[in-house]
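The values are calculated or read from the model by the stated rules, or taken from the named source; none is laboratory data. Please read all numbers here as calculations on a predicted model, not as lab measurements. Every residue, glycine among them, receives a Cβ derived from its backbone with ideal geometry; neighbour counts consider all protein chains shown. Side chains are part of the model used for accessible areas, which takes the heavy atoms of the whole protein and leaves out ligands, DNA and RNA. Shrake-Rupley method; radii C 1.70, N 1.55, O 1.52, S 1.80 Å.
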Amino acid sequence: MTNEGEKLLKELKDAIVSCQEDEAKVKAQEILKAGIDPIFTLQTVMTESARIIGEKFDNGEYFLPHLVMAGDAMMAASAILEKAIPKESNIKKVVVIATVEADMHSVGKNIVGMMLKASGFEVYDLGVDVKSSEIIRRAQELNADFIALSSLLTTTMPYQREVIDELKAYGIRDRFKVVVGGGPVRKDWADKIGADGYGKDAIEAVKVFKQLAGME
Ligand code: B12
């Protein structure tokens with residue numbers, strides 16, 4: 001990475017952390033013009049920005065409105081970067097992705113969705129705060145192969161388990177591969193609730209989905 005490239009990545013991070021959405025959009029465009037890999041940018045800048053914002057929230061420097069504005073800046077920059085990710089050929093596997101009930105965090109889910117799309121999966125994003133029954137209803141309706149569940153709060157992780165338990169109760173657990181992720185989610189939780197896969201970040205997520213789809 002050139003010095004100029006590193007400077008641009010830092011400027012994007014600073015724009016997000018200081019909640020400047022317009023500036024973040026400009027920097028995302030400059031990054032693409034400079035030929036920097038959009039996937040690398042999404043992975044590094046978004047993760048680092050979120051870590052700093054989280055710290056500021058923890059130590060009382062930032063409040064909820066800052067999180068909302070920084071989240072908007074992250075999403076605006078991510079949307080620009082997403083358009084530049086080269087698309088692989090269509091894998092023809094359908095993924096339904098959602099943030100679970102009572103959880104409003106969208107950035108990580110969106111990045112995972114974007115990377116899966118870029119890898120050739122057909123992705124249906126159901127949004128945030130989606131009830132388990134609704135996730136299952138849509139997965140059936142779309143004849144999905146995968147259900148991807150994001151959870152950023154320890155208090156909403158049990159809804160990941162609820163989706164799996166409801167699938168079992170309906171006798172349709174085997175019809176879908178369920179993959180879980182999100183900040184507080186770990187592999188041992190995924191194993192405990194009987195998920196088929198877990199990814200700690202979007203790059204790992206793509207690997208897991210490809211493995212489960214029999215492609216790697
Ligand atoms: C931005 C933010 C918000 C924004 C969200 C805006 C938006 N549009 O998403 C808003 C303001 C809504 C928000 C609200 C709250 N938040 Co908040 N928020 C954050 C913050 C700063 C960043 C989250 C983020 O976007 N990360 C960036 C992305 C790229 O990372 P990620 O989400 O982890 O996703 C990656 C991986 O986890 C993985 N992944 C994610 N999903 C999936 C899914 C699958 C299938 C797979 C395989 C992988 C995967 O891949 C992603 C890409 O690499 C975090 C702190 C942090 N450092 O994470 C706190 C944080 C998550 N929030 C927290 C809290 C407490 C709250 C509130 C309860 C605050 C309050 N007092 O009201 C509310 C809850 C609202 C609700 N009901 O959901 C806590 C959670 C603590 C906990 N473990 O339970 C954190 C950790 C802050 C803190 N240190 O206290 N928040």
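A few remarks follow.
- For the range 34-59, the tally of residues that are of a type in the set (S, T, N, Q), open to solvent by 80 Å² or more (accessible area, probe 1.4 Å) and more than 6 Å from the ligand (Cβ to nearest atom) stands at 1.
- Within the range 173-194, the residues that satisfy the criterion of being open to solvent by 20 Å² or more (accessible area, probe 1.4 Å) and more than 13 Å from the chain's Cα centre (by Cα) are ARG173, ASP174, ARG175, LYS177, PRO184, ARG186, LYS187, ASP188, TRP189, ASP191, LYS192, GLY194.
- The residue list GLY197, GLY182, GLY214 contains one member that is touching a residue at least 24 places away in the same chain (Cβ under 8 Å) and either under 18 Å from VAL94 (Cα atoms) or not hydrophobic (A, V, I, L, M, F, W, C) (or both), which is GLY182.
- Every residue from the range 196-207 that is in a loop (DSSP other than H, G, I, E, B) and open to solvent by 20 Å² or more (accessible area, probe 1.4 Å): ASP196, LYS200, ASP201
- Checked against (1) touching a Ser or Thr at 6+ places or on another chain (Cβ under 8 Å); (2) under 30 Å from GLY5 (Cα atoms), ILE80 meets all criteria but (1).
- Condition met for ILE203 (in contact with a helix residue (DSSP H, G or I) (Cβ under 9 Å, 6 or more places away or on another chain) and under 17 Å from GLY120 (Cβ atoms)): yes
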